[in-house]
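What follows is a short report on a single structure.
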Amino acid sequence: MRSPNPRQARAEGGLRHLARESDMGVVSCPPAGLQGSPPGHNALPMSTHAAPAPHDHDRLLIIDFGSQVTQLIARRLRELKVYCEIHPYQKVTDAFLDDFAPKAVIFSGGPDSVTRDGSPRPPASVYARGLPILGICYGQQVMMQDLGGKVEAGEHATAEFGRAYVTPAGESADFLKGWFNDGGREQVWMSHGDHVSEIAPGFAVYGTSPGAPFAITADLARRFFAVQFHPEVHHTPNGAKLYENFVKMAGFKGDWTMGAYREEAIARIREQVGDARVICGLSGGVDSSVAAVLIHEAIGDQLTCVFVDHGLLRQDEAEQVVTMFRDHYNMPLIHAEESERFLSALEGVSDPEVKRKTIGKLFIDVFQHYADGIDGAAFLAQGTLYPDVIESVSFSGGPSVTIKSHHNVGGLPEKMGLKLVEPLRELFKDEVRALGRELGLPDSFIGRHPFPGPGLAIRCPGEITREKLDILRKADAVFIDQIRRHGLYDEIWQAFVAILPVKTVGVMGDGRTYDFACALRAVTSVDGMTADYYPFSHDFLGETATRIINEVKGINRVTYDITSKPPGTIEWE
Ligand code: XMP
């Protein structure tokens, strides 16, 4: 995992209004009456056909009531090597519980109010199965109300949003091991409108905050725990410890390791694919690389990778990918050198959306052309990750605004009659990296900054020309080299150069120059959804500008883009 970056933490605090931004430490459970949450808002259809789950692991079930940060619960648990799955409450029936056979259950937060008729609930039988249960925020309120306590609807005076401090109350308990050391208080992140006004019979209070007298409650005999705050977010700094205590008490062995995952995934791929052939679109990015290596390990030469070179790659990129996968891993790899086709189609195009759509469509055509030549192909491998699966429906249930048309191979499997192999669909990005390491992929691949499907096209605002692409590639290589030389590569989520569609006047030696200006872009981020610019030192920036202007013919001016996302996006188009 990337090392936490203090600057980033600060920046994320400033972006608090944007919920659902993964590790931002942001919680958005608006008080009752403010959310207008439509029923079925979180239908998550894709999670209903998750890859076959590894049944020999202890499994924890997270019942999702629609919190923006439910995913973070899963991440905290995976960090503890606990296998867990998130399922929307609508799907969790008695039969589902029988089939899933969880060893423990967590109720997530959610935007609704338990005081509303018809608000989301778990099946009543969940309490009668002898399972440890942890309820968080809305999950606490559901648990209290279901078990005979009382919840009052939100009023301004009792609503609590943001940082709060919990102090110990009552007896100490194993559930709170590592908390309240020396009787001290703990910082937590609150986000609730409603509040528990009376705890259910059997429960006792273990922690209170000024706005939440029942901040930590538990019925130790039944192993039911319920907290008003969100232990999964970064702004509850000691929150992971509560999850650790909970899973320990629930008897989890912590056996969800990458070594185990690798073996299981290989067995599942073999079972799914049989003797058929699989095609994999390889971009050289982390996800497709790890998926390809894993599948290759499972089925060997039944896998053929197609690497589409659209002429919009970075310096030496095609060569690196081909060398790594064809020469090092001995994978059957088609290097589809199609730059002419892409660059001619892009001639005269300057609108960003037209660029993206042109590239996306051509990519599919080209990919299909090569795939058609692979006899007996029945499967298409994709590096789909768990966040793609659980975020497949927007929280509001409505269409979200298209900021950019992302390039992918969507639609291809149906068109070609291919079934999907998605061996990473249970993993988070950091787990994919861990799996890549487990599979022996070098760090130069695993730690790579993301690179967008449309490549340099969207780093070249305005019309794309071969000349500009050449200049851009060189400048980009110098910038990345600088970042590596200064040991900054792993601290930065993504760094690149954009060539600007303007020429400016300069003076070099005794002569006038009239060359392109470029912008350096380097950001920190957790998931690419929000980002802040990286705080390079002035010395670094100065040195980099000098190197680019001296080493790259065609650029005579260098700027640094200090826009965060939002309001900017990471790429320039
Ligand atoms: P933006 O520019 O939207 O980018 O802030 C967020 C992250 O997504 C990457 N990106 C893409 N990745 N296909 C991709 O595979 C695309 O079309 C695409 N557009 C942007 C971008 O590089 C950043 O990491």
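Evaluate the following for residue 167: is it buried (at least 22 other Cβ atoms within 10 Å of the Cβ) and in contact (Cβ under 8 Å) with a residue 12 or more places away in the chain?
Details: buried (at least 22 other Cβ atoms within 10 Å of the Cβ): no; in contact (Cβ under 8 Å) with a residue 12 or more places away in the chain: yes.
Criteria not met by residue 167.
Failed condition for residue 355, given (1) assigned to a helix (DSSP H, G or I); (2) charged (D, E, K, R); (3) in contact with an Asp or Glu (Cβ under 9 Å, 6 or more places away or on another chain); (4) open to solvent by 20 Å² or more (accessible area, probe 1.4 Å), with all others met?
Going through the list (1) assigned to a helix (DSSP H, G or I); (2) charged (D, E, K, R); (3) in contact with an Asp or Glu (Cβ under 9 Å, 6 or more places away or on another chain); (4) open to solvent by 20 Å² or more (accessible area, probe 1.4 Å), residue 355 breaks only (4).
Any chance you could count how many residues in segment 279-290 are open to solvent by less than 10 Å² (accessible area, probe 1.4 Å) and under 18 Å from residue 335 (Cβ atoms)?
Result for segment 279-290: 5.
So which residues in segment 518-570 are in contact with a helix residue (DSSP H, G or I) (Cβ under 7 Å, 6 or more places away or on another chain), within 16 Å of the ligand (Cβ to nearest atom) and touching a residue at least 60 places away in the same chain (Cβ under 8 Å), if there are any at all?
Listed by number, the residues that qualify are 524, 526, 527, 529, 530, 532, 564.
Open to solvent by 60 Å² or more (accessible area, probe 1.4 Å) and aromatic (Phe, Trp, Tyr): does that describe residue 514?
Yes, satisfied.
Taking segment 238-278 as the region of interest, how many residues are of a type outside the set (Phe, Trp, Tyr) and assigned to a helix (DSSP H, G or I)?
The total comes to 24.
Could you tell me whether residue 451 is within 11 Å of the ligand (Cβ to nearest atom), within 24 Å of the chain's Cα centre (by Cα) and not in a loop (DSSP other than H, G, I, E, B)? Outline the logic, then answer.
On the way: within 11 Å of the ligand (Cβ to nearest atom): yes; within 24 Å of the chain's Cα centre (by Cα): yes; not in a loop (DSSP other than H, G, I, E, B): no.
No.
Taking the condition open to solvent by less than 20 Å² (accessible area, probe 1.4 Å) and in a helix (DSSP H, G or I), does residue 306 pass?
Values: open to solvent by less than 20 Å² (accessible area, probe 1.4 Å): yes; in a helix (DSSP H, G or I): no.
So residue 306 fails the test.
Table: residues versus (1) closer than 30 Å to residue 71 by Cα; (2) within 16 Å of the ligand (Cβ to nearest atom); (3) crowded, with 21+ Cβ neighbours inside 10 Å.
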| site | (1), (2), (3) |
| --- | --- |
| 461 | no, yes, no |
| 471 | no, no, yes |
| 486 | no, no, no |
| 503 | no, no, no |
| 507 | no, no, no |
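Identify all residues within segment 423-440 that are over 15 Å from the mean Cα position of the chain (by Cα), at negative phi and surrounded by fewer than 21 Cβ atoms within 10 Å (Cβ to Cβ); write none if there are none. Walk me through it before giving the result.
Restricting attention to segment 423-440, the residues satisfying the condition of being over 15 Å from the mean Cα position of the chain (by Cα) are 423, 435-440.
Okay, now just the ones that are also at negative phi, so 423, 435-439.
437, 438, 439 - these are the residues of segment 423-440 that are over 15 Å from the mean Cα position of the chain (by Cα), at negative phi and surrounded by fewer than 21 Cβ atoms within 10 Å (Cβ to Cβ).
One line per residue, one yes/no per condition, for (1) under 30 Å from residue 58 (Cα atoms); (2) over 20 Å from the mean Cα position of the chain (by Cα):
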residue: 268; (1), (2): yes, yes
residue: 283; (1), (2): no, no
residue: 286; (1), (2): yes, no
residue: 302; (1), (2): no, yes
residue: 306; (1), (2): no, yes
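Go through segment 219-233 and give me each residue that's of a type in the set (Gly, Ala, Ser) and over 32 Å from the mean Cα position of the chain (by Cα). Walk me through how you get there before you give the answer.
So in segment 219-233, the residues of a type in the set (Gly, Ala, Ser) come out as 221, 226.
Of everything in segment 219-233, just one residue is of a type in the set (Gly, Ala, Ser) and over 32 Å from the mean Cα position of the chain (by Cα), namely 221.
Taking segment 170-198 on its own, how many of its residues are farther than 24 Å from residue 241 by Cα and either open to solvent by 60 Å² or more (accessible area, probe 1.4 Å) or part of a loop (DSSP other than H, G, I, E, B) (or both)?
The qualifying residues number 3.
Limited to segment 481-495, what total is found for residues that are within 21 Å of residue 569 (Cβ to Cβ) and free of Cβ contacts under 8 Å to residues at least 60 places away in the same chain?
Adding up the residues that qualify gives 3.
Would you mention how many residues in segment 519-539 are among the small types (Gly, Ala, Ser), touching an Asp or Glu at 6+ places or on another chain (Cβ under 7 Å) and either farther than 25 Å from residue 549 by Cα or open to solvent by 20 Å² or more (accessible area, probe 1.4 Å) (or both)?
Of the residues in segment 519-539, the ones among the small types (Gly, Ala, Ser) are 519, 522, 525, 528, 531, 537.
If we keep only those that are touching an Asp or Glu at 6+ places or on another chain (Cβ under 7 Å) as well, we get 519.
Of the ones still in play, those that are also either farther than 25 Å from residue 549 by Cα or open to solvent by 20 Å² or more (accessible area, probe 1.4 Å) (or both) are none.
Final tally of qualifying residues: 0.
Could you tell me how many of the residues in segment 441-459 are among the charged types (D, E, K, R) and open to solvent by less than 30 Å² (accessible area, probe 1.4 Å)? Give the steps one after another, and end with the answer.
The first filter runs over segment 441-459 and keeps only residues among the charged types (D, E, K, R), leaving 443, 448, 459.
Adding the requirement that they be open to solvent by less than 30 Å² (accessible area, probe 1.4 Å) leaves 448, 459.
Count: 2.
Tell me, please, whether a residue that is at pLDDT 95 or above, over 25 Å from residue 567 (Cβ atoms) and part of a loop (DSSP other than H, G, I, E, B) can be found in segment 465-480.
There is at least one residue in segment 465-480 that is at pLDDT 95 or above, over 25 Å from residue 567 (Cβ atoms) and part of a loop (DSSP other than H, G, I, E, B).
Would you mind finding the one in 225, 214 that is at pLDDT 95 or above and open to solvent by less than 30 Å² (accessible area, probe 1.4 Å)?
225
Please verify whether residue 123 is open to solvent by less than 10 Å² (accessible area, probe 1.4 Å) and touching a helix residue (DSSP H, G or I) at 6+ places or on another chain (Cβ under 7 Å), treating the condition exactly as stated.
Details: open to solvent by less than 10 Å² (accessible area, probe 1.4 Å): no; touching a helix residue (DSSP H, G or I) at 6+ places or on another chain (Cβ under 7 Å): yes.
Taking the combined requirement at face value, the residue does not satisfy it.
Looking only at residues that are acidic (Asp, Glu) and modelled with pLDDT of 90 or more in segment 240-266, which one is farthest from residue 62 (Cα to Cα)? Show your work before the answer.
So in segment 240-266, the residues acidic (Asp, Glu) come out as 244, 255, 263-264.
Within this subset, residues satisfying the condition of being modelled with pLDDT of 90 or more are 244, 263.
Details: 244: 15, 263: 25 Å.
For segment 240-266, the residue satisfying everything is 263.
Tally time: how many residues in segment 481-522 are within 35 Å of the chain's Cα centre (by Cα) and over 13 Å from residue 449 (Cβ atoms)?
Here is the first cut: in segment 481-522, the residues within 35 Å of the chain's Cα centre (by Cα) are 481-501, 517-522.
Okay, now just the ones that are also over 13 Å from residue 449 (Cβ atoms), so 481-482, 485-487, 498-501, 517-520.
Within segment 481-522, residues that are within 35 Å of the chain's Cα centre (by Cα) and over 13 Å from residue 449 (Cβ atoms) number 13.
Among the residues in segment 204-213, are any within 29 Å of the chain's Cα centre (by Cα), among the small types (Gly, Ala, Ser), under 18 Å from residue 69 (Cβ atoms) and assigned to a strand (DSSP E or B)?
So the first thing to find is which residues in segment 204-213 are within 29 Å of the chain's Cα centre (by Cα), and the list is none.
No.
For residues that are touching a Leu at 6+ places or on another chain (Cβ under 8 Å) and away from the ligand (no atom under 12 Å from the Cβ), tally how many sit in segment 359-372.
Filtering segment 359-372 for residues touching a Leu at 6+ places or on another chain (Cβ under 8 Å) gives 359, 364, 367-368, 371.
Checking which are away from the ligand (no atom under 12 Å from the Cβ) leaves us with 364, 367-368, 371.
So the answer is 4.
The values are calculated or read from the model by the stated rules, or taken from the named source; none is laboratory data. Since the structure is predicted, the reported quantities are computational estimates derived from the model, not experimental observations. Virtual Cβ from ideal backbone geometry, glycine too; neighbours counted across all protein chains shown. To get the accessible areas, we keep the full protein, side chains included, count just its heavy atoms, and leave off ligands, DNA and RNA. Shrake-Rupley method; radii C 1.70, N 1.55, O 1.52, S 1.80 Å.
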